[in-house]
1. Output the residue which, of all residues in the range 233-264 that are crowded, with 20+ Cβ neighbours inside 10 Å and of a type in the set (Asp, Glu), is nearest to Ser300 (Cα to Cα).
2. Anything in the range 221-250 that is within 9 Å of the ligand (Cβ to nearest atom) and among the hydroxyl-bearing types (Ser, Thr, Tyr)? List them, or say none.
3. Please identify the pairs in which a residue from the range 46-71 that is within 19 Å of Gly306 (Cβ to Cβ) has its Cβ atom under 7 Å from the Cβ atom of a residue that is at pLDDT below 95 and assigned to a helix (DSSP H, G or I), counting only partners at least 6 apart or on another chain.
4. State all residues of the range 112-128 that are in a loop (DSSP other than H, G, I, E, B) and either more than 19 Å from Ala215 (Cβ to Cβ) or within 16 Å of the ligand (Cβ to nearest atom) (or both); if no residue qualifies, say none.
5. Go through the range 322-336 residue by residue and tally those that are surrounded by fewer than 24 Cβ atoms within 10 Å (Cβ to Cβ) and either basic (Lys, Arg) or part of a strand (DSSP E or B) (or both).
6. Since Gly306 meets every condition but one in (1) free of Cβ contacts under 8 Å to residues at least 40 places away in the same chain; (2) touching a Ser or Thr at 6+ places or on another chain (Cβ under 7 Å), which condition does it not meet?
7. Mind checking whether some residue in the range 245-256 is closer than 30 Å to Ala190 by Cα and aromatic (Phe, Trp, Tyr)?
Amino acid sequence: MNLKSTSCIGFALSFGMLSCSVGQKKEAPGNEARRWAIALHGGAGTLLRSQMTPSRDSAYRASLDLALKTGEAILSRGGSALDAVEQTIAILEDNPLFNAGRGAVFNQNGKVQLDAAIMEGEKRMAGAVAAVEGIRNPIRLARIVMERSPHVFLCGAGAREFGIEQGLDTASADWFFTRERWEQLQRQRAKGKSGAIENAAHPNDGSFGTVGCVALDQQGLLAAGTSTGGMTNKREGRIGDSPVVGAGTWADNRTCAVSCTGHGEYFIRLALAHELHCRMLHGRKGLEKASGELILQDLSKAGAQGGLIAVDGKGRIAMPFNSEGMFRASSNGRSRKIAIYRE
Ligand code: ASP
């Protein structure tokens, strides 16, 4: 992927300090229907700030900017939240810097097995795939499962077969291979770690990560999607929270659209994405408060690290995390944010 350049980076940095509370300006009467908002993440498995070089930092910010622009372009011209989520995530999946699609981590057998989910908030239609191999953009496969099959969740060879049948792009092992991820696997193997258990204690070694996107479109519809390679050295067949509807991904027009990142087993046990919806719907809490409590209190208390991005029906965005950083970006057309650490 061409991580273009200084102009992108300058653009990203110049907006870097803007507030993440987008969408809170008062709208003129009649303008409400034209509001839109988007947020994306590239995972909470960021490198420690002390290990991040300036050139890597710039490359990440330029990549986040490029993905954000993709979603912004769709939403600003009246496109659907689902399209914005799918296309934005596909860009991040094709980028070897992030742990999803190309650039995904390797499991204990040296294979890339991918998880993804997408959901829309009107009818709560959802599609998900897990442990799928050789499909270039798992997020597109998840959408096809939602729209062209009677099912919600397909896994493994069956999911792949369905994608091929439906004409999705496949990709060879070479496409998915990145030296850095391979070396990460070797380091984990040498330490005798099983990714799913040990990484909770060492979340900032870059050995996990995920990408996700949430959006509100001009029709007032919400959508969410998440895509990941999971955790380095994970057991064959291990499925994280990302494709589990209600754990790592959720959308409901009455409350919010949310995509999570972090140590998946904990997000599944907390049903974290759905829990956010419940606290808003039944607990009458606002997006920022409910999501902050979940990540900064509940997830922390459980002993895990991670974060989420979420947008509500008014275009308010929350992006809490309890890890050292979380690659993230947001926009509502009037204000923009691109950030990695607490900045
Ligand atoms: N949640 C993902 C998983 O456990 C990993 C991540 O977000 O970093 O598979």
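1. Ranking the qualifying residues of the range 233-264, first place goes to Asp241.
2. Answer for the range 221-250, where residues must be within 9 Å of the ligand (Cβ to nearest atom) and among the hydroxyl-bearing types (Ser, Thr, Tyr): Thr226, Thr228, Ser242.
3. Taking only residues 6 or more apart or on different chains, the pairs are Leu64/Ala12.
4. Passing the criteria: Val112, Gln113.
5. Summing the residues that are surrounded by fewer than 24 Cβ atoms within 10 Å (Cβ to Cβ) and either basic (Lys, Arg) or part of a strand (DSSP E or B) (or both) in the range 322-336 gives 2.
6. (1)
7. Scanning the range 245-256, I find no residue that is closer than 30 Å to Ala190 by Cα and aromatic (Phe, Trp, Tyr), so the answer is no.
For every residue, the table says whether it meets (1) small (Gly, Ala, Ser); (2) in a loop (DSSP other than H, G, I, E, B).
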| position | (1), (2) |
| --- | --- |
| Gly110 | yes, yes |
| Ala130 | yes, no |
| Leu141 | no, no |
| Arg160 | no, no |
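The values are calculated or read from the model by the stated rules, or taken from the named source; none is laboratory data. Fair warning: this is a prediction, and the values are worked out from it, not measured in the lab. In this analysis, Cβ positions are derived from the backbone assuming ideal geometry, glycine residues included, and neighbour counts consider all displayed protein chains.
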